[in-house]
Structures are given as structure tokens and as C-alpha cells.
Amino acid sequence: MNIRFLLRRFLTDDRGATAIEYALIIALIFLVILTSLTLFSDNIKAMFQRVSEAITGN
């Protein structure tokens, strides 16, 4: 096989591009969720504490 042919075929092959794009989108969504949970963790913890106290009557 000719090296030029192989190189041209490699450069024009885009079969894995969609999988990489989906992986990047999933990674960005994960980072947004993780960041928001980290930023609001104190508020979430306080909310669950108030709900727990309301349920138990303390």
C-alpha cells in the first residue's frame, strides 16, 4: 500500500468524531452538575436539615 493513500484515508476518516463529541458533551454536563453541587452543598445540607427537623418535630 502506498503511504500517501494511507495518510489520505486516515485524515479523511471521521468515524470516531461523533463518539468523541458525545463524550465531550457528557463530560461538560458532568462538570456543570459537580460544580453546582459543590457550590450549593451548604444550602442543600441546610434544607435537608430543616426538613428533617420539621418531620421529627425537634
Where does helix 41-56 land angle-wise versus the long Cα axis of the chain, in degrees 0 to 90, nearest 10? 40
DSSP-loop trypsin sites (Lys or Arg not before Pro) across the stretch 1-37, with at most 14 other Cβ within 10 angstrom: Arg15
Calculate how steeply helix 17-39 sits against the longest principal axis of the alpha-carbon atoms of the chain, using the helix alpha-carbon long axis, and give the answer as 0 to 90 degrees to the nearest 10. 20
Debye intensity ratio I(q)/I(0), log10, the chain, q values 0.16 Å⁻¹ (C-alpha model): -0.72
Could you work out how far helix 3-12 tilts from the main Cα principal axis of the chain, as a 0 to 90 degree angle to the nearest 10? 30
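Which chymotrypsin sites (Phe, Trp or Tyr not before Pro) in the chain pass both tests, a DSSP loop state and at most 14 other beta-carbon atoms within 10 Å? Show your work: numbers first, answer last.
Numbers: sites: Phe5, Phe10, Tyr22, Phe30, Phe40, Phe48; in loops: Phe40.
Those satisfying the criteria are Phe40.
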Treat every Asp and Glu Cβ in the chain as -1 and every Lys and Arg Cβ as +1, leave all other atoms uncharged, and give the resulting dipole magnitude about the Cα centre to the nearest 20 debye. 340
Of the residues Leu39, Leu24, Leu11, which exhibits the maximal mean-square fluctuation in a Gaussian network model of the chain defined by a 10 Å Cα contact cut-off? Leu11
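Since every read-out is calculated from the coordinates, none of them should be taken as a lab result. These numbers come from a predicted model, not from an experiment. Positions of Cβ are generated from backbone atoms using ideal geometry, with glycine treated the same way; all protein chains shown enter the neighbour counts.
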